[in-house]
Structure formats: structure tokens, C-alpha cells
Amino acid sequence: MPELLHRKLERTAIGFMLAIIVAASVGGIVEIAPLFTIDETVENADDMRLYTPLELAGRNIYIREGCYACHSQMIRTLRDDVERYGPFSLAVESKHDHPMLWGSKRTGPDLARMGGKYSDFWHVAHLTNPRDVVPESNMPAYAWLARTPLRLDDLGSHLRTQRSVGVPYTDEMIENAARDAFGQAVPDSEQASGVTERYGEETQVSAFDGVTTRVTEMDALVAYLQVLGRLTKAAYGNTAAPEQPPNPND
Amino acid sequence: MGQLTTRERELAAAILVALAVVGIAMAAVGRADPLGVHGALVLLYSMVLLFVIMSTSFGPAPDPSRFSRYYDDPIKVGVAFTLFWAIFGMFFGVWAAAQLAWPSLNFDTAWASFGRIRPAHTTGVIFGFGGNALISTSFHVVQRTSRARLADQLSPWFVLFGYNLFCILAVTGYFIGVTQSKEYAEAEWYADLWLVIVWVTYFVLFIRTLARRREPHIYVANWYYLAFILVVAILHIINNLTIPVSLGHAKSYTIWAGVQDSMVQWWYGHNAVAFFLTAGFLAMLYYYLPKRAERPIFSYRLSILSFWGITFFYMWAGSHHLHYTALPHWVQNLGMTFSVMLLVPSWASAGNALLTLNGAWHKVRDDATLRFIMMAAFFYGLSTFEGSFLAVRPVNSLSHYTDWTVGHVHAGALGWVALITYGSLYTLVPAIWKRERMYSAALVEVHFWLAVAGTVIYVFAMWNSGIIQGLMWRTYTEEGTLTYSFVDSLLAMYPYYIARAFGGLLFLIGAVVATYNIWMTVRGIPVLIVERHDDIPLVPDGAATRPAE
């Protein structure tokens, strides 16, 4: 009987097409739509900060260089993940990430809690030649980032676009994007004070690449790496115990 | 393009002029941005094609009897694109693999660093090689199984050259730093928009050809091609909903964020596997296998079961890429459950293929082309089993983030996708160029063993490194502390990374051998094959008259 039914379906191209669309749509709808409506999907974090323009620019460099191909930013709920990298990642931590950078491969370590773990100087040395600080590393060198000035003039439009996809940047932040990016990387400048005013006291203002006269792509990338895992403290308050994978020693 | 009428050539020229204008506009507004480079590239591409069109526009009017034959010219160009992208994509794969063992192999350049050539490799192989193979074979198969000529003269060319423009924009983009960072969907907004136009044209052409069919039933292979075209369109559009920074920027921000973005991305990512890398290639299997083995498909019922099983179950499976993450538990469990159930339709297909060979095993022994197809079905069964296995949460806790996943992907990409493609090409090329056989059967044999050896070395290296990696990450000392640092696990990988690069190199050499063999076949002397009565299109009423028989 089903075979006869199918023989009928096979005789009509449009009917067959519609059947494919129906069959293929169910799974996606059931799994994706509720993620927008169920409140528990993303926790609340009152202390959640936004990326500064410099950090956002750094994030875009991270994306451009394909760092996501080797580094995840998602600490799983597994004991060894938590002990190696820190508290497991919460959904709220990537709430403002367009796109998310959870990654699928760890050729290098996870970076979800990289912020504050090493000094700016270490990061610059590591990006300039990874093997100078980690002799066994197989990461490419990114020395040229320190020689490339960061494009500042369009950062306002980047922030505006971020707002249009749901990140709550204010008009003031958008207007001052270029100034703030400069100020964050040049601590002695008069633009520096506005950064912490607009983005919070926790924001790190620093001569990231060690040169205080100009803003390079190195400044931006290091600023981004230093804020990873520090936009909110929500994950540290989580008391749920991580899951225990089977121990291979047992 | 000699079969185009003057009007069709004029239309083609008009489209190309419009495209050139778009290129100029992109170059102008994107002066300070990588977008400008792509504008210049679009301009160049359309000018070259315009030159080709112009140089043929004074040719004689096409022969009216062309309507009594299948339209194979676009397929021939598609085969050339397929072979080009195979070598391009695999070359970058070997290079990327070598960089993981010897990191200085990017020669201190930005464009050739691992993070940029890795998407060039994946896009080159999946979309360049795989996509062109799918388009070419679908044009071949839909005509033969429908007994109808392609529905249009110009749009097959538009699909082919338009699609390759997308591939060029995508791959060159990564070199100059244009990427969305969504795996297997890295191309930016304007390339994505262009692909939508091309894809809709492809769909319309395909469904119109199906509508012209002279067979009452739609043949199994076409079910798969249809599903491939339709679902890829849905996936592509939803995953690539972005807002560009401005019309003068290559950069855009995806409208999805965080946890929802991760689900959309892996819903796309996993179903790109399902509908791009599986459904389309299963279509090849369902046509070229029975053709080459000269045996009908073993079971019609199994075909129905596996087709609808794959179409329905696969779309649920994407969330198994996100086990133990911040994605809600219930979605992870759904993904795992459906991934396991997916084994049923997958093995139904693989079993159906292998059982079709019953009674033809002596041909498998003698004919390397059929052996390509047989091996592909075998690897299909193997990697779908592995896929269901890796989707189980506890297994995934070990395998995720490790090279095991890479090994699994390549068991599918090399063992299934590439082998079935070459098996199909070795069947298709002599058929459409009207050659009696391939230039050299010995070279097909050489290619077969290079491909199988390369795949096996690659996959074994990655299985080993992945499992070792996963185990080292979770090994504890007696005191309850982690035994190994991350760098310890990286050091343990180096020998396998070298083995992997070697396996990939063998596979690449095989691809070069295949290209040479096909090139020599095309250059050979056509034989006058008397067109069999059942191998010409049945002309729809009102079309040009059939030549006297």
C-alpha cells in the first residue's frame, strides 16, 4: 500500500518537491524555534558588559585569521575541561556574539577563559612568534599584526550594525567608537577616560602591543584575547558540579 | 556555447554587462575595503566571459536538430571545473596538513597561514569539487532518466559559471581576509546573495526538465538531486541571514547570536553533510552504479525507505555537534537520538548499493571504475556508522574537539564523496565525449590504489591521533590531578600529522593522474557510437522535428 502511494507521488514533480520540504522542515523547526522562546535557554547576567570598539575590532581579526579553526571557546560540562580551563561556559556569555565562536576543534587549547591569564607582553610575544614562548607550538606567527595599523574610521558603523542585530550599544558609544578604540590602546591620551566611563570600570585600558603612539591590529587582537571570559562573572557563581567522564585509569 | 541562438547570446551578453556594472559598483564603493578587490574580480570575470560570447557571436546559426539530442556541452565544461577544483582543493589540503607538522610552511605570509588556507581547502573541495561534480552529473542524469533534453539553453551556462564565480569569490576572500567564520559557510553576504540567485536558477532549470520528462515516474537519482537542491537552498538562506556593516563593506554580522547561532550553524553544518555531501552523491550512486554494473538497483522499497529516512531524520541531527555545551540538554538529546536512528536509512542505502552488485562481483574485480563505486558505498556505510557512534554523548565527550572528527569527516570526504565522484566521472566522460572507453584503464587502476591507500593512511592517522588526544586530555594521576598538559598532547600528534599529510599527498597524486587520464580521453578520437534508440531524448510535441532515422 505505501508503495502504491509512493508510486503516485513519484509521478508529480511538484508534489514530490512539497513532500521533501515538509519532511525536511520538521526537525529544524522543533529544535530551533523553542530556543528563542524558552527563557531558561539563556541565563540572566546583570553584570554582562559589551565589547569595546577595540575588542570588537580584535574579535573581527580573530575571525578574519581563522583562529576558530584551531581554538574553541566553549568549555564543556566535563571534569577535565573544567579543571584545565575554568568554569564551564554559559549561554549568556556569548549572548552578544554575532556570530558565536564556540569552535569545533582544539588543535590549540580552548580560549573561553583566556582573558587575564597571561600578560599583554606574553600575548604579543606569542603572536609574534609562538615558538619563542611555547617551543612545541605549531601555531602560525602573526608578527605582521604589530606592523598593520588598525582601521578606526568605520568602527562606528560596526557598532551600529551590531545594534541592529540586537547588541545594546548606545548612540554615545556609536559616536565615540573611533575615539574609544584609540583611547583604550593609548592609556595616556585624553580619549582614555571615556572608555571606562562608557564600558565600565572593569575595562582594561592598556598599551597592549607596548607601543603607545599608534593603534595596531596587534593592540586590537590582544585586547580581545584579554577580555575573553571576563564580560560577566556569571559562570563563577555556578555551583553545579561538572559531569564526570569515565576515567581511563580505572 | 555553439548551440546558443543569436538571441540567447545577446541575452547572455546583457547579463554579463549587468554583472560587469555590479563589479564596477562594488569596486567603487569598496575602495577602502576588501570588497573593492572582489568588485575588480567580478568585473574581470564578466569581461572574460563577455569576450568568449562575443567571439562566438558571429558563428553560424545552431543546427535545429540539436533538440533531438541531449544538451551535454555544459556538462563538459562542468567536468573541467570539477577536475580543476579537485586539484586546487586537495593541494591546499595537503599544504594545510603540512603546516600543522611544520608551522613555518606559510613562509611568513598572512594569506597562506593555516586559518586562511583551511577554509580555502574545505570550500575548494566541498563547493568547488563537490558542487561542480553535482551540477555536472545532475545535468547528465536528469536528461537520461527523464528522456528529455535540459529545459533551457542559456540557464545551464548561467548556473555553471555563476556557481563558479561564487566559489572564486569565496576562496579568494579567505586569502584576503573575508570570512564569516561559520564553518563551511564562510563566504560573505554578497557572495551568499549571488549564490541564492544562481541556486534558484538551478532549481527552476531542474524542475522544468523534470516536468518535461517522458517517463511517467521520477527516477530515484532525481529524488536525491531534488532534495539536495531544495534543502541546500533552505539551509544556505537561513544560516546566512546577516546584516552588512554597509554596502561598501565586505564584513557583515549574522543576525543570530550565541546559543541560537550555534544551533543554526550546526543545523546547517550537519545538513550540508546530509544534503550536499550525501543526498547529491547518493544520486550519483543510484544512477552510475546500476549503469556500470549493468544490473538494476537491488530493492525499490529500500530506496524509498532510505530516501525518506534521510530526508526526515538528518535535519534533527545537527545538535550532536554541541554535546556538553551551553546548548540546552533537551536539544542535545534529540540530536543524539535521531543521529542513532539515522543509521537505518544510511545502511539501507549502502546495503542496497552493495546488494546491487550481487551477480556482478566479477566486474568489480576487473573494472576499477566499478570498484571506485563499490568502495564508495563501503566507505559510506563505514562513515555513517562512525557518525552515529560519535553522536552518542559519552563517545562524543572523548572525540569532540579532537582529530577523530577530522578523520571521520575525511573517511566520508575521501572514501565516499571523492571515490563516488571519480567512479561517476570515469563512466560519464567516455559517454558524453563519445569515446569507447577511458584513455588508459591502467591509470584508472593506479588512481584507485592511490586513492584507497591515501584514504586509509589518512583516516588511520587521524583515528590514532584523535583517540590519543582525547585520552590524554582526561587522564588523571593517582593524586587526582591532570596528568598531561595541553602541549604534551600536541607533541604526541606530530607523527600523525606527518602521516596525514603523506596520505593526503597520495590522494592528490591520484587526482592528478585522473585529470591526465580524462584529458587524454577527451583528446582521443571519437568513435561513431550508433545512438541507441533508448538513449536519445523523446522530443516533446511541437519542438523541432526529429532527424530521419
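The values are calculated or read from the model by the stated rules, or taken from the named source; none is laboratory data. What you are looking at is a predicted structure, and each value in this text was computed from that prediction instead of being measured. Cβ: placed from backbone, ideal geometry, glycine included. Neighbour counts: every protein chain shown. Note: areas computed on protein heavy atoms with side chains; ligands, DNA, RNA excluded. Shrake-Rupley method; radii C 1.70, N 1.55, O 1.52, S 1.80 Å.
Count, for each residue of B:167-179, the Cβ atoms from other chains sitting within 10 Å of its Cβ, then give me the mean as a whole number.
Mean number of neighbouring Cβ atoms from other chains: 1.
Where does each of B:55-62, A:158-165 land if you order them by average Cβ count within 10 Å, highest first?
A:158-165, B:55-62
Take peptide B:311-317, look around each residue's Cβ out to 10 angstrom, count Cβ atoms belonging to other protein chains, and average those counts.
Taking all residues of B:311-317 together, the mean is 5.
May I ask you to compute the full-extension gain from B:Ile467 to B:Asn358, defined as 0.36 nm times their residue separation minus their alpha-carbon distance, rounded to one decimal in nm?
35.6 nm
Please give the per residue accessible area of the range A:48-175, computed with a probe of 1.4 Å over protein heavy atoms only, in Å².
32
Ignoring everything except DSSP H segments at least 4 long, calculate the 222 nm mean residue ellipticity for chain A; use -39,500 (n - 2.57) per segment, divide by total residues, nearest 500.
That comes out to -12500 deg cm²/dmol.
Could you tell me the total accessible area buried at the A-B interface, probe 1.4 Å, in square angstrom to the nearest hundred?
In total, this chain pair buries about 8200 Å².
Could you list the square roots of 5 times each eigenvalue of the Cα gyration tensor of the range A:124-213, that is, the equivalent ellipsoid semi-axes, sorted largest first and rounded to whole Å?
Over the Cα atoms of the range A:124-213, the ellipsoid semi-axes are 29, 16, 12 Å.
Which whole number gives the average, over all residues in B:263-272, of C-beta atoms from other chains lying within 10 Å of the residue C-beta?
3
Which FRET efficiency value, to the nearest 0.05, is calculated for A:Arg230 and B:Arg31 with the Förster distance at 51 angstrom and r the Cβ-Cβ distance?
0.85
Per residue, how much space in cubic angstrom lies within the convex hull of the C-alpha atoms of the range A:79-119?
104
Measure out, as a whole number of angstrom, how far apart the alpha-carbon centroids of the range B:7-69 and the range B:346-420 sit.
Comparing the Cα centres of the range B:7-69 and the range B:346-420, I get a distance of 41 Å.
Starting from the 7 Å offset along Cα-to-Cβ, what nm value, one decimal, do you get for the label separation of A:Glu201 and A:Ala143?
4.2
With loop defined by DSSP as not H, G, I, E or B, and exposure as at most 15 other Cβ atoms within 10 Å, which is the longest segment of chain A clear of exposed GluC sites (Glu not before Pro)?
A:1-135
If you scale each eigenvalue of the Cα gyration tensor by 5 and take the root, what three semi-axes come out for the range B:46-92, rounded to whole angstrom and sorted largest first?
Result for the range B:46-92: semi-axes of 28, 18, 5 Å.
Calculate the FRET efficiency for A:Phe36 and B:Val196 from the Cβ-Cβ distance with a Förster distance of 22 Å, rounded to the nearest 0.05.
0.40
Across the range A:1-142, what fraction of all alpha-carbon pairs, as a whole percent, falls in each successive 5 Å bin from zero upward?
With 5 Å bins starting at 0, P(r) equals 2, 7, 11, 16, 15, 12, 8, 6, 6, 6, 5, 3, 2, 1, 0.
At a Cα cut-off below 28 Å, give the lysines reachable from B:Lys291, other chains included and same-chain residues fewer than 8 away excluded.
Filter leaves A:Lys8, B:Lys76, B:Lys363, B:Lys434.
Could you compute how fast the protein assembly as shown diffuses translationally, taking Rh as the Kirkwood radius over C-alpha pairs and applying Stokes-Einstein at 20 °C with viscosity 1.002 mPa s? Give it in µm² per second.
77
Considering only protein heavy atoms and a 1.4 Å probe, what is the carbon-and-sulfur percentage of the accessible area of chain B?
Ligands and nucleic acids excluded, carbon and sulfur reach 72 percent.
Rg (Å, one decimal) plus Dmax (Å, integer) for the alpha carbons of the range B:265-306?
13.0, 41
How long is the gain from B:Val48 to B:Phe84 if the chain were fully straight, where each residue apart is worth 0.36 nm and the alpha carbon distance is subtracted?
11.2 nm
For the range B:477-523, what ratio Rg/Rh do Cα atoms give with a Kirkwood hydrodynamic radius?
1.48
The range B:338-432: Rg/Rh from Cα coordinates, Kirkwood Rh?
Rounded to two decimals, Rg/Rh equals 1.06.
Largest first and to the nearest Å, give the Cα extent of the range B:321-371 along each principal axis.
So the extents along the principal axes, rounded to whole Å, are 53, 18, 9.
When N counts the residues of chain B, how does its alpha-carbon radius of gyration compare numerically with 2.2 N^0.38 Å, as a ratio?
Cα-based Rg divided by the globular estimate yields 0.98.
For a quick protection proxy, order the peptides B:133-141, B:260-268 by their average other-Cβ count within 10 Å, most packed first.
By packing density, highest mean first, the sequence is B:133-141, B:260-268.
What number in nm² do you get for chain A if you take the convex hull of its Cα atoms and divide its surface by four?
20.6
For B:Lys182, which lysines qualify as cross-link partners when the Cα separation must be under 28 Å and same-chain residues fewer than eight apart are set aside?
Hits, sequence-local ones excluded: A:Lys95, A:Lys105, A:Lys117, A:Lys233, B:Lys251.
For chain B, what is the calculated [θ] at 222 nm in deg cm²/dmol (nearest 500), taking -39500 (n - 2.57) for each run of four or more DSSP H residues and dividing by its residue count?
The helix contribution divided over chain B gives -22500 deg cm²/dmol.
Per residue, what accessible area does the range B:1-119 have, given a 1.4 Å probe and all protein chains present, in Å²?
Per residue, the range B:1-119 has 46 Å² of solvent-accessible surface.
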